[in-house]
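What follows is a set of notes on a single structure, which appears directly below.
The values are calculated or read from the model by the stated rules, or taken from the named source; none is laboratory data. Predicted model only: the values in this text are computed from it and were never measured. Quick reminder, even Gly has a Cβ in these numbers, built from the backbone with ideal geometry, and neighbours come from all protein chains shown. Surface accessibility is based on the protein's heavy atoms, side chains included, excluding ligands, DNA and RNA. Shrake-Rupley method; radii C 1.70, N 1.55, O 1.52, S 1.80 Å.
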Amino acid sequence: LHFSHLCTRFLSELGAPFDLEGMQLFVSFSIGVALHPQDGSDAEALMLNANTALYEAKKAGHNLYRVFEPSMNVKLLHYVETCDALRQALEQQQFELHYQPQIDLHSGQVAGVEALIRWRRPGHGLIAPGAFIGIAEESGLIVPIGRWVLHEACRQAAQWQRAGWRPGRMAVNLSAIQFRQGVVEQDVRSALDASGLDPAALELELTESILLQHDEPLMAILAQWSARGIRLSIDDFGTGYSSLAYLKRMQVDRLKIDRSFITGLLHEDENQVIVRAMIQSARSLQLDTLAEGIEDPLVAEHLKALGCDGVQGFWYSEPLPAGELEQWLQRRAA
């Protein structure tokens with residue numbers, strides 16, 4: 001189509017480097033396209049739909065164009081409605097944390113729990129994070145939501161300690177967006193101070209995308225957390241840009257092996273080779289390993305034989321509200 005050729009040409013021409021006082025600069029562009037008459041009969045409608053297409057182009061990456069489709073309005077409406085509902089959820093305390101036990105394969109004891117957010121949305125029931133975390137990150141709402149998770153998880157862990165419960169370390173996921181906003185260091189400090197939780201009882205789970213930034217402020221934050229006794233782990237290891245080079249520089253304590261490598265572990269030679277290599281690499285760097293998504297005791301035994309340190313998954317327990325986790329711990333102790 002003629003407009004397709006034009007868009008490609010615009011992106012190519014505008015993306016060429018230009019000179020500014022001796023420096024070569026590059027600028028990326030995105031284009032949204034709406035066509036008359038199918039996408040609007042007047043300038044206002046066309047501009048509105050072109051802007052919707054532009055939003056989709058920006059979401060997809062840089063130097064791209066998108067042509068308006070009616071389904072884009074449905075997606076945009078869902079995005080806007082979900083953002084509004086998430087803001088309400090924060091104000092009306094609709095979020096809650098469930099906790100999934102992490103088991104030490106050597107001792108068989110509970111070594112910690114991972115805090116996992118749930119949204120009890122009126123009229124929709126209990127919603128898992130996969131249905132809303134993506135929108136929360138895209139909109140920036142993950143920052144206040146992540147702050148709430150940190151405070152609630154630390155508060156609960158401190159409460160368990162005071163009551164004599166010992167479910168081990170509290171593991172909390174952090175988003176790359178929280179680091180980009182530059183407030184995560186303050187949020188962690190505030191959550192620990194407000195709860196009185198010993199920093200050694202907290203584990204922060206980072207994604208590989210966070211660690212690949214390699215910038216000095218990030219390194220300083222990680223070093224400060226490590227010095228305070230906070231444990232650091234890499235979540236879903238192997239699904240991103242896994243590299244032993246950055247593991248050498250980062251003061252992390254644990255690699256979490258993603259469930260995608262655990263599924264079919266007993267029957268797929270490729271997964272066995274990958275998991276074995278991960279465990280051996282971690283051991284050479286003096287890091288612990290924990291495998292997610294365990295639903296079969298034979299898989300846990302196989303991982304133990306491979307040298308994996310810990311596991312979590314539905315075979316042991318689904319994520320539970322705090323009260324139900326206490327009952328689970330009682331039954332396990334008995």
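Between A334 and R276, the FRET efficiency estimated from the beta carbon spacing at R0 = 41 angstrom works out to 0.70.
Here the 3J(HN,Hα) profile of segment 307-312, calculated from phi with Karplus coefficients 6.51, -1.76 and 1.60 at θ = phi - 60°, is x, 5, 8, x, 8, 8 Hz, Gly and Pro shown as x. Annotation: amide H-H contacts under 5 Å for Q102 (H modelled 1.01 Å from N, sequence separation of 5 or more, or interchain): A111, G112, V113, E114.
Accessible area of D198 (1.4 Å probe, protein heavy atoms only, ligands and nucleic acids ignored): about 80 Å². How much net charge surrounds T82 when only the other residues with a Cβ under 14 Å from the Cβ of T82 are counted, with Lys and Arg +1 and Asp and Glu -1? In short, -1.
Provide the FRET efficiency to the nearest 0.05 for the F10-S107 pair, computing r from the beta carbons and using R0 = 56 Å. Rounded to the nearest 0.05, the efficiency is 0.35.
In segment 52-186, what percent of the accessible surface is made up of carbon and sulfur (1.4 Å probe, ligands and nucleic acids excluded)? Within segment 52-186, the accessible surface is 50 percent carbon and sulfur.
Would you give the gap between the C-alpha center of segment 173-197 and the C-alpha center of segment 81-126, rounded to a whole Å? Each part reduced to its Cα centre gives a spacing of 17 Å.
Counting heavy atoms of the protein chains alone, W160 has an accessible area of about 10 Å² for a 1.4 Å probe. Tell me which DSSP H helices of the chain clear both cut-offs, 24 Å or more of axial length from alpha-carbon atoms and a mean Kyte-Doolittle hydropathy of at least -0.5. Sorted by number, the helices that extend far enough and score high enough are 43-60, 70-91, 142-163. Taking 0.36 nm per residue of separation and subtracting the Cα-Cα distance, full extension of the segment from A131 to N73 would add 19.0 nm.
Please figure out what share of the DSSP beta bridges in segment 73-210 is antiparallel and state it in percent, rounded to the nearest 5. Antiparallel bridges make up about 65 percent of those DSSP assigns within segment 73-210.
Remark: C-alpha extents of segment 162-236 on the principal axes read 40, 25, 20 Å, sorted largest to smallest.
Given the alternatives (1) 25, 40, 17, 13, 4, 0; (2) 26, 50, 23, 2; (3) 26, 55, 18, 0, P(r) over Cα pairs in 20 Å bins from 0, in percent as computed for this entry is given by (2). Measuring with a 1.4 angstrom probe and ignoring ligands and nucleic acids, T263 comes out at about 100 Å² accessible. Largest to smallest in accessible area, the residues R121, R331, R180 fall in the order R180, R331, R121 (1.4 Å probe, all protein chains included). Label positions at D42 and D84, each projected 7 Å from the Cα along the C-beta direction, are separated by 2.4 nm.
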